[in-house]
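Structure record follows, encoded as structure tokens.
Every read-out reported here was derived from the displayed coordinates using simple, explicitly stated rules and does not represent laboratory data. Just so you know, these numbers come straight off a predicted model, no measurement behind them. Here the Cβ is made from the backbone with ideal geometry for all residues, glycine too, and neighbour counts use every protein chain on show.
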């Protein structure tokens, strides 16, 4: 009786705490290990966006599998339990069950006994608890009921912690978007804006490489314009042909692509670089302006990652901001060029008028003289026009000066 009260007290403390998701999961694993005296425990959580079941906690160390190992609903015993919300208890030869799916990286899959229990929160599936014994083990009704009870009690705490984690993640993304908007409005140099965007994206998504590539319409290539990367080798790679490259597909189709492992893709042009720098998954999103793809934002991860829908949506928003910055820079460049052209035209017109007056030339003759001299000296007509105007201004100033006063004999002494 005392142990049951202690267990309830411990569960109550966890449920009422403000622990982050990873710590709540670890507390759940520790509880299961304690009450079942098992050799291993795995906890999977439901990814409601993809419909998968994802490994999120374990007693044995599985650093590379946590967050990355996924099962579809109905796949393996774990997926079956999730789909049917029913308990599966196998006292021996668990791997021989027709529903069993083995993973080489999980040594728990070699154990004899297997108990799998659904995690339910507010009537909805939250995840699955898997309990493993190395040797044969008969799961008593009390043991199954106890694991089920812990799952029911902890399901709410897990859901609460997961919502808080998602809220914090969304908050960080909103802060990133706000910072990017401020950068775009404050900076005037496109290269600096794009570099800042790539660095913020890499930091927010915990990505070793984030690059922004722009389309060269004449050469039909993608060229790196900005990048945050852990290896300088990435910056030295050449342009990508749009027609036959993996990221070029984003330009051709105008929609994002998600690649679980770039090394498995024949169209990926730099497999050796990916191996050397440890790149794995890729998310590439188009930058669109005026219904035309002008570039891509590319996110690489070091470990296999299934990008969630909200992550893809976040990168699409950032790609839109980057496209806006590029469009604004283009418009500003065109405006400045028009301004310079107009100013040059005014200067040339003024210089023509001076030449016409001083040398009795027609307008066409004055223009031809400026043009021919420009070609001879290999200087822009604007420069020559400015020189003509400056010389005329100096001559006018000299003509306005009073003539020098003659000195008397006494001043020459």
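Observations on the model:
- Stretching the chain fully between residue 359 and residue 290 yields a gain of 19.7 nm (0.36 nm per residue, less the alpha carbon separation).
- Column: log10 I(q)/I(0), Debye, Cα scatterers of the stretch 243-348, q = 0.10, 0.14, 0.15, 0.17 Å⁻¹: -0.40, -0.64, -0.70, -0.82
- Our estimate of slack between residue 140 and residue 231, defined as 0.36 nm per intervening residue step minus the Cα-Cα distance, is 27.3 nm.
- Using distinct alpha-carbon pairs, which all enter the 1/r mean, Kirkwood radius of the stretch 215-277 in Å: 12.6
- Neighbour-count ranking [beta-carbon atoms within 10 angstrom, fewest first] of 381, 154: 381, 154
- Take the Cα of residue 64, step 7 Å toward its Cβ, do the same at residue 339, and the gap between the two points is 5.6 nm.
- Computed over the stretch 333-398, the P(r) tail beyond 14 angstrom holds 60 percent of alpha carbon pairs.
- The stretch 56-129 versus the stretch 277-296: alpha-carbon centroid distance in Å: 36
- Shape box of the stretch 41-114 [Cα atoms, principal axes, largest first, Å]: 34, 29, 16
- Each label was represented as a point 7 Å from its Cα along the Cα-to-Cβ direction; for residue 99 and residue 330 these points are 5.5 nm apart.
- Once C-alpha pairs closer than 8 Å and six or more residues apart are averaged by separation and normalised to the residue number of the stretch 167-331, the relative contact order reads 21 percent.
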